[in-house]
Amino acid sequence: MKKIIKDYSIVPEQLQKCQFKINTIISRIVEKRKVKIGNCYKKKDVKQKLSELYNNKCAFCETDPTVSSYWEVEHYRPKGKIDKEPKHKGYYWLAYEWSNLLYACKKCNIKKATKFPITGIRVKKHPEISGKPDFSKFKANSIDLENEKPLILNPEKDDFNPSKHFQINKDGEMIGLTEKGVTTIEICDLNRFDLCVKRKKVIDDINFIIDIYVSLYIDKEIKKASLKEKIKKVLYSLKNKIEKDKKLEYTFFQEKIISDFDKLFIARKPELKEELTEIYSEFKHKNKTL
Ligand SMILES: [Zn+2]
């Protein structure tokens, strides 16, 4: 997962136009009639804006779904019903709410479905003011919704920092460091086979190159200065790729490869620990933000 910056006040036009439909949904809920939620949230400009903001990458797994499949407009808070809460009608009032819409691949969307566990107080119905829906409280950062304390992470939250919640390992897996991290991995199935294979390949490719340079150095075919230059080149080329290619898949994972280079790569080469640690320290010193 990566942090996404979305301005909740700039709502796509087509979505603004269907806000009034919420009144119909609410009336039917109040009258205990069957509710059908339309698909305004899938209009062209909504999809276009989400594609741009998310750089065509799934909010949860960072896969580009357009390569092999299609993507879906995901309701962060489920619009129709909530798993394990049969009496809850779902967050019907957020069906067309811009701050509730994320970009998700089909696989994450299907896994997440109607699940929305929280540790705080569940909001059960639409907020009102003088008997009318209070749209000012529909936003994801409104106090009542924040007080639900959701366990599924939202990449659009102001304070979202993936490093706080996730670690990675050499097998391409994500490891939850917090309850929210663990729950998000579990619910969206972020360690599914195909994802681990793709993420592990990034690590394996780097290991392959490092192994070549390390062998050349051990066999005295290259000198320390050359080893240094080549290993730094590997690190810089990964860093540049992440910075320049906004559509690059699994960016969080690739950033972690750089910040955990000692654990993932140096630890594998105890015979060259001193040299590799020195190279990595120099790299880190020049790239303090990593
Ligand atoms: Zn996904």
Trypsin sites (Lys or Arg not before Pro), restricted to region 7-112: which are DSSP loop and have at most 13 other Cβ atoms within 10 Å?
32, 33, 34, 36, 84, 87
Computed from every Cα-Cα pair in region 193-286, P(r) in 10 Å bins starting at 0 and rounded to whole percents is 15, 50, 28, 8, 0
Quick one: helix 179-188 against the long Cα principal axis of the chain, what's the angle to the nearest 10°, folded into 0 to 90?
80 degrees
Cα-Cα pairs in the chain separated by more than 35 Å, as a whole percent of all pairs, come to 30 percent
Surrounding net charge for residue 77, when Lys and Arg each add one and Asp and Glu each subtract one, Cβ distance under 9 Å:
-1
Students often check this: by mean Cβ neighbours within 10 Å, which of 138-147, 164-173 ranks highest, and how do the rest follow?
164-173, 138-147
Quick check for you: which residues of region 32-64 have the amide N under 16 Å from the point 7 Å beyond the Cα of residue 202 toward its beta carbon?
55-64
Multiplying the sequence separation of residue 142 and residue 13 by 0.36 nm and subtracting their Cα-Cα distance, what value in nm do you get?
44.2 nm
Based on the Cβ-Cβ distance of residue 282 and residue 81, what FRET efficiency does E = 1/(1 + (r/R0)^6) give at R0 = 51 Å, to the nearest 0.05?
0.40
Check the straight Cα-Cα distances from residue 247 and name the aspartates and glutamates below 18 Å, setting aside those fewer than 8 residues away within the same chain.
52, 62, 64, 72, 156, 255
Give the long-range amide H neighbours of residue 104: residues separated by 5 or more places, or on another chain, with amide H under 5 Å away, using H modelled in the peptide plane at 1.01 Å from N.
59, 72, 74
Against the longest principal axis of the chain, how steep is helix 273-286, in degrees 0 to 90 to the nearest 10, with axes from Cα atoms?
50 degrees
Please compute, for the alpha-carbon atoms of region 102-234, the extent along each of the three principal axes and give them in descending order in Å.
81, 28, 23
Using θ = phi - 60° and the Karplus relation 6.51 cos²θ - 1.76 cosθ + 1.60, list the HN-Hα couplings for region 107-115 in order, rounded to whole Hz, with x at every Gly or Pro.
5, 5, 4, 5, 5, 5, 6, 9, 6
Under the Karplus curve 6.51 cos²θ - 1.76 cosθ + 1.60, θ = phi - 60°, whole-Hz ³J(HN,Hα) for region 42-55, x wherever Gly or Pro sits
9, 4, 3, 6, 5, 5, 4, 5, 5, 4, 5, 4, 9, 6
At q = 0.14, 0.20 Å⁻¹, work out log10 I(q)/I(0) for region 43-120 with the Debye formula, treating every Cα as an identical point scatterer and leaving solvent out; two decimals please.
-0.47, -0.88
Along the charge dipole of the chain, which of 266, 197, 1 sits closest to the positive end, that is, farthest toward it, with unit charges on the beta carbon of Lys, Arg, Asp and Glu (+1, +1, -1, -1)?
1
Once both labels are modelled 7 Å past Cα along the beta-carbon direction, what's the residue 273-residue 243 spacing in nm?
3.2 nm
Net +/- balance of residues flanking residue 50 in space, Cβ distance below 15 Å, scoring K and R +1, D and E -1:
+1
Cα-Cα over 31 Å: which of 106/256; 47/132; 180/263; 201/273; 111/246; 44/164?
44/164
How much net charge surrounds residue 165 when only other residues with a Cβ under 13 Å from its Cβ are counted (Lys, Arg +1; Asp, Glu -1)?
+3
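Throughout, read-outs are computed from the coordinates displayed, never taken from laboratory work. Everything numeric in this text was worked out from a predicted model, so none of it was measured. Glycine gets a Cβ as well: all are built from the backbone with ideal geometry, and neighbour counts include every protein chain shown.
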